[in-house]
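Engineer: This is the structure, below, for whatever I ask next.
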Amino acid sequence: MSEISTTLPGSGPAKPLAFYDTAEHHPVNGTLLGFWVYLMSDCLVFACLFAAYGVLGREYAGGPTAQEVLELPAVAVNTTLLLLSSITYGFAVLAMQRNRQNPMLVWLVITGLLGAGFITLELREFAHLISIGAGPQRSAFLSSFFTLVGTHGLHVTCGLIWLVVLITQVLRKGLITANKRRLLCLSMFWHFLDVVWVGVFSFVYLMGVLP
Amino acid sequence: MSAHDELHAHGGDHGHDEEDFGIHATLGGYATGFVLSVVLTVIPFWLVMGHVITKSSTAAVIILGLAAVQIVVHMIYFLHMNAKSEGGWNMLALVFTIVLVVITLSGSIWIMYHLNSNMMPSMMDPSNLP
């Protein structure tokens, strides 16, 4: 980089011109940028599922309507859990920045527990829906509902597995640069899932129960 | 001012980047984001669960508007999004994605809006066929 800095005329002996980087130059944040691009492609997956729900969300086929089967109090609890897990992951990142490993691990465990609570509640909701005959095969509304909410739930489950793996890695190797990079990737993933959930609870649950 | 100084400054910058990956998370940022998102979550739930607005279309517009604001809040305070991160490539990818998402969502819903009326049995009636 500094090799190709320009010198003003008469400011000293001219350096030899170099038209290429003499040292190997890697973009330092390559991984984070690449992960961001992955998240953006994931965004498109969810956009398609949201579009499918937008088209099919009111096609009940004579079956149960959204107003009948969606329970807002449970969704409110779920939203609270996910929102809290977002801020606890933020605290973990703050602890990571100060190289404080144990507080960071505690925050990660709390985040994991909140995420597990979210998944548990969601699975209970799904089990309840299927038990009352409102499974994904009942109507177009329920098919698109299960696909959209289920895909989000699957992402959260993958995030939880990743979290457990990462906690193990930090316990074994400490807060090395590679682990910090992974923690920041998972941070983006986790907050991204929260962003998607904002869309889910607004578009699916809250707008679904409107008359 | 010499090449040496410049090199040194760059070297310091480099090491700095490697430590925190250019992300400067602060407690204040997370707290602001959390408070804003709690407010932006509570309002739509209150609107719907308390049956505050009876007109569905008005309520839907408000819910979607608040969701859009909340997504921006999450992007700024939790995902540390700004025009400068990764030399602007983050923002470029995001803008491109938003364009695609808007086309996908609005295009699908617009085209499929008349799905039912287009699939009405009257259209299947042989006497209506040319």
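Derivation of every value follows stated rules applied to the coordinates shown; laboratory data play no part. Since the model is a prediction, treat every value here as computed from it, not as a measurement. Neighbour counts are summed over all protein chains in view; Cβ atoms, including those assigned to glycine, are modelled from backbone coordinates with ideal geometry.
Engineer: Report, as an integer, the average count of C-beta atoms from other chains found within 10 Å of each Cβ along A:88-100. Present the calculation step by step, with values, prior to reporting the outcome.
Structural biologist: Working: counts 1, 2, 10, 3, 0, 6, 5, 0, 2, 7, 0, 1, 0.
Taking all residues of A:88-100 together, the mean is 3.
Engineer: While we're on this one: Suppose R0 equals 35 Å; then what is the FRET efficiency for residue B:56 and residue B:24 from their Cβ-Cβ distance, rounded to the nearest 0.05? Write out the running numbers ahead of the final one.
Structural biologist: On the way: r = 43 Å, r/R0 = 1.23.
Calculated transfer efficiency: 0.20.
Engineer: Moving on. Computed FRET efficiency, Cβ-Cβ of residue A:124 and residue B:69, R0 30 Å: what is it to the nearest 0.05? Present the calculation step by step, with values, prior to reporting the outcome.
Structural biologist: Working: r = 31 Å, r/R0 = 1.02.
FRET efficiency, residue A:124 to residue B:69: 0.45.
Engineer: To the nearest whole number, what is the average tally of beta carbon atoms from other chains within 10 Å of the beta carbons of peptide B:36-48?
Structural biologist: If you average over the peptide's residues, the count of other-chain Cβ atoms is 4.
Engineer: To the nearest 500 deg cm²/dmol, what mean residue ellipticity at 222 nm is calculated for chain A from DSSP H runs of n ≥ 4 alone, each contributing -39,500 (n - 2.57), summed and divided by the residues?
Structural biologist: Details: 6 runs with 145 residues, N = 211.
After summing the helix terms and dividing by residue count, I get -24500 deg cm²/dmol.
Engineer: Just grab the label-to-label distance for residue A:113 and residue A:171, each label 7 Å out from Cα along the Cβ direction, in nm (one decimal).
Structural biologist: So the two model labels end up 1.6 nm from each other.
Engineer: With θ taken as phi - 60° and the coefficients 6.51, -1.76 and 1.60, list the Karplus ³J(HN,Hα) couplings across segment A:126-136 in order, rounded to whole Hz; mark glycine and proline as x.
Structural biologist: 4, 4, 4, 4, 5, 5, 8, x, 10, x, x
Engineer: If I model a spin label as a point 7 Å beyond the Cα along the Cα-Cβ vector, how far apart are those points for residue B:81 and residue B:98 in nm?
Structural biologist: Taking the two extended label points, one gets 0.6 nm.
Engineer: Right, another one. Between residue B:46 and residue A:31, what is the FRET efficiency for a Förster distance of 56 Å, r being their Cβ-Cβ separation, to the nearest 0.05? Write out the running numbers ahead of the final one.
Structural biologist: Working: r = 41 Å, r/R0 = 0.73.
Here the calculated transfer efficiency is 0.85.
Engineer: For chain A, calculate the relative contact order in percent as a whole number, restricting contacts to Cα pairs under 8 Å that are 6 or more residues apart. Could the numbers behind the result be given before it?
Structural biologist: Numbers: 171 pairs, mean separation 60.8, N = 211.
Relative contact order comes out at 29 percent.
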